[in-house]
Each structure stands twice: as C-alpha cells, then as structure tokens.
Amino acid sequence: MSKPEINLTINGHERSAAVEPRVSLLDFLREDMALSGTHTGCEHGVCGACSILLDGVPIRACLMLAVQADGCHVTTVEGLCNDDGGPGVLQDAFVEAHGMQCGYCTPGMLISAQALLAENDDPTLEQIKDAIGGNLCRCTGYVQIIESIQLAAARLREARS
Amino acid sequence: MKPAKFDYVRAESIDQIVDALDKGDGEAIVLAGGQTLMPMLAMRLARPATVIDINNVTDLSGIGIVGDELVIMACTRQAEALASPLVREHAPLLAEAIALVGHQQTRNRGTVGGSLSHADPASEIPLAALALDASVSLRSVAGTRRVQLADYFLGPMMTARADNEVLVSVHFPIMSGGAGSAFHEVSERRGDFAVVAAAAIIEVDGAGICTAAALAIGGADATPRRIAALEDKLQGAKLDGALIRSVLPEIALAVAPGDDQHAGAAYRLRVATNLAERALLEAFDGARA
Ligand code: FES
Ligand code: FES
C-alpha cells in the first residue's frame, strides 16, 4: 500500500507526513498529529464533533481524506488558543457562560462559532443558530452555548471599539 | 467505521478522470465533495477498488453564462453556488433550494454535481434542477453527451450516468426575469434531507394568463417528479388562487409515494399537495408580466 506524502499547515505550523489514502483527516489529526482536541463522534457526517477550519471555512474532518488536505491550511480547536497557549476569547466565554457539560460537542461548537464570529461579531440569534445548526449537543439544550457565543461576540466588539 | 483499502488517484484534468474511470472497469468511483461518498466508504456500503479525487481539477469548478444557459461546473461547492450573484439572478429557485441543503460545514465541501450524481429522491438540488429544465453533461473516453434531467433520474440513487462517465457540468436555461418561483419542504430538522419538497415556477403575461408553469415534487416517488398534467392545466389559463387549488388533485394521479420510517404514503401525498399549493401560490405572487 503506497503512502502518499502530504504537506499542510496545521494551526500555523508546517507539517508533512506519509499517509494511507483511506485515512480520514479526522483520524490523521488525532492519531498522526496527536491533536486530540477535535472529537470523533459519528464518523459519518452527522454530529459535527469533528468540525475544523479548512482554509478558513468550517468543514467536517470525518468527511475528507487526509490526502486531500495536501497544501491546505487547517485550524483545529487547539488553534483557537491565545499565543501563550491559554484559552482564547471564545473558549473563555464557554467556560464562563457554562457552554458545555460533558464537552463532547464543544470543539465542534467552538469551530463553528469561530467561523461565524470571524465574519460577524454582532450576529443575530438566528445567525448563531444557523452557524451551530450542524453541531449536535446531547447535554446542554443549546441555550448556554448560544449565550456563550453572545458573550464572546460582545467581548470582541468591545475589544474592537 | 473505517473505509476499506482503495487505490487513490488525484486527477488533475477531466481527461485523467475519464481515463481512470475507463481503466477502473466499473470498480472506480469519483470523489467530489465527499458528503455522501465518505459516509458510504466509512460504512463500507461502497468498496471501490479505486477512488478518483476530482477536487483538484480546476476546470470542474466555476459558474458562468454560456449563451442562454447558466452553467455550473460539477465540482462547484454548494456554498459557492449559494453565494453566487449569477445563480441568484438567473436561477433564484436553485439558490432557494441550496439554502436548505445541509449545514455550512457540508455546503463548504458538498458540490452541485455530487448532489445530482447521488440522486437521492428527496434531495433539494435535483428537485430544483428538474423544475428548471436543467440538463447535465456527461463525459467518458468516448466523448460528451447531454442528458435532460427528465431522462436522467432512473430511481432512488440511480441515474442515466454510466460507470465510465463523469458528470462535468449542469446547464440551467436562464429563468425569464418576470418568472416567479418558490421552494418549500418539510424535513425533520433543518438541514436534513426533505421528507417531501415542492418546487414551482410560474410565468404570466400582461393579462394574467399563465405562459409557463413547472411543478416538481420530491420525496413522493422513486425519483423527483414533474407533474406534467397539472402544468398543462395551468398553461394558458387565467390564474388565481381558486384555479391553482383546483388543479392540485393531479399530483395524486402522478406520484406513487412509499412508506418508510420517516413518513407513510398517505402523509407524504397530503404534504406534497399542501407544499405544492404553497409553492405555486407564492410563485404566482412573484410572477410579473
Ligand atoms: S464525527 Fe464527523 S460529523 Fe460526526
Ligand atoms: S456538552 Fe455534552 S454533547 Fe454538548
């Protein structure tokens, strides 16, 4: 079995690796790159736990082969931290507003919220619901997740003004 | 849930795709956005010997006007089509349908051609495209042929595309500026496949006479269906709400819905009729001479 060599940028770092074609980008990130922040849920595109940013837009990492990410920029939940490694604005807001319970869906929620807030730091409730519409949470009932995103948005607006 | 082993071919041109399909001899499969193929590989419902990745073929992506058609290349992302001013202007019905397809994470990868190749009988893009009289261009080593969508959908997940052909582009006749259109669906959750959906287009002249009508119903038969007898009754008639309601029984004569875990046949028919009424009235409302 040939293992093509891929080169990609993950959370700002250039990485290269040889990877078997059938390996999903999700498994590659978690197992080969030891970035286990991205969660494995359903492995067939239903739950959103595996969401990452690919060249800046949110996608499901279980629905892409690692070989297809050759030449791409990938951001995982680890990439949302501050430069000092501490939690970023959005992550802080999730902690403060209780945006998680078991935490299974959280990396995906953070990625979807990050994509939204990067484009629009004053989203409506509908826009927030739409942004996280592809992420399932079995614990929170979503209300505190939405409040966390609203808190992060308010802080981003404050920092901007 | 891991795919079985396969050979991976990263195609850089359409010629390379059709060559690889030809060599694959029915055992090769095209990977576009992966939003349906990847789950099928993971669950081993599909076990191709070769996966041909077409995402790097730049010729297969883009949206443009060619003559009197809006042309969307097969590997164009659904998100790009949704954001396209050309689609909004010339095929607003398609934009309305794509807004209901999946979620941002899936639209950022999922392609217009992929949805038409998968041909789920309840999915939105095939339904809107059928209502719009679209056709697809299929290429093999033997050459290119154009197939009208009316002849393309053969059954659930079955199309007229042969194993050695790749869907290259989708061609939409440009909608007349005065046409009204509407798309309505019922799904279990937002972003899910529709249980039932209806797409309608109406054109009228200065006297309020219907000059063109299209109604397509999804999720109520093995393929998306145009309701030709209903369209015939609308064409040439002076439209109003009562007339539109009077032709709705044609739907029951034209479709054969099935029972499954999502909905029973009688329910599907009732919903199809209600959604068709809504879509036709809204399309009529939006039509201007
Ligand atoms: S693990 Fe990817 S969507 Fe569930
Ligand atoms: S916090 Fe448990 S799934 Fe969302």
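The values are calculated or read from the model by the stated rules, or taken from the named source; none is laboratory data. Everything numeric here is computed off the predicted structure, so don't read it as measured data. Here Cβ is always computed from backbone atoms with ideal geometry, including for glycine, and neighbour counts include all displayed protein chains.
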Checklist outcome for this item: Residue hits (segment B:258-289; touching a helix residue (DSSP H, G or I) at 6+ places or on another chain (Cβ under 8 Å), within 22 Å of B:Asp232 (Cβ to Cβ) and not charged (D, E, K, R)) are B:Leu269, B:Ala272, B:Thr273, B:Ala276, B:Leu280, B:Leu281, B:Phe284
Item to check | Residue selected from segment A:64-84 under the condition under 14 Å from the mean Cα position of the chain (by Cα) and either crowded, with 19+ Cβ neighbours inside 10 Å or touching a residue at least 24 places away in the same chain (Cβ under 8 Å) (or both), by the criterion nearest to ligand 2 (Cβ to nearest atom) | outcome: A:Val77
Checklist entry - What helices (runs of 4 or more DSSP H), lying completely within segment A:73-154, carry at least 2 residues that are within 16 Å of ligand 1 (Cβ to nearest atom) and within 14 Å of chain B (Cβ to nearest Cβ)? => result A:106-119
Next on the checklist: I'm trying to understand the selection: among the residues of segment A:3-40, which are within 14 Å of chain B (Cβ to nearest Cβ), surrounded by fewer than 20 Cβ atoms within 10 Å (Cβ to Cβ) and small (Gly, Ala, Ser)?
Outcome noted: A:Ala18
Checklist entry - Going through segment A:49-63 one residue at a time, which ones are more than 11 Å from ligand 1 (Cβ to nearest atom) and more than 7 Å from every other protein chain (Cβ to nearest Cβ)? => result A:Leu53, A:Leu54, A:Asp55, A:Gly56
Item to check | Pair list, Cβ < 7 Å and 6+ apart or interchain, from segment B:1-12 residues that are free of Cβ contacts under 8 Å to residues at least 24 places away in the same chain to residues that are assigned to a loop (DSSP other than H, G, I, E, B) and surrounded by 14 or more Cβ atoms within 10 Å (Cβ to Cβ) | outcome: B:Lys5/A:Arg22
Checklist entry - Which residue, of A:His39, A:His13, is in contact with a Pro (Cβ under 8 Å, 6 or more places away or on another chain) and modelled with pLDDT of 95 or more? => result A:His39
Item to check | From B:Ser187, B:Ser181, B:Ser176, residue being in contact with a strand residue (DSSP E or B) (Cβ under 8 Å, 6 or more places away or on another chain), within 14 Å of chain A (Cβ to nearest Cβ) and over 24 Å from B:Ala32 (Cα atoms) | outcome: B:Ser187
Checklist entry - For segment B:1-115, which strands (runs of 3 or more DSSP E) that fit wholly inside it have 1 or more residues that are within 13 Å of chain A (Cβ to nearest Cβ)? => result B:7-10, B:28-31, B:50-53
Next on the checklist: Given the criterion at pLDDT below 95 and under 18 Å from B:Ala179 (Cα atoms), identify the matching residue among B:Asp205, B:Asp221, B:Asp232.
Outcome noted: B:Asp205
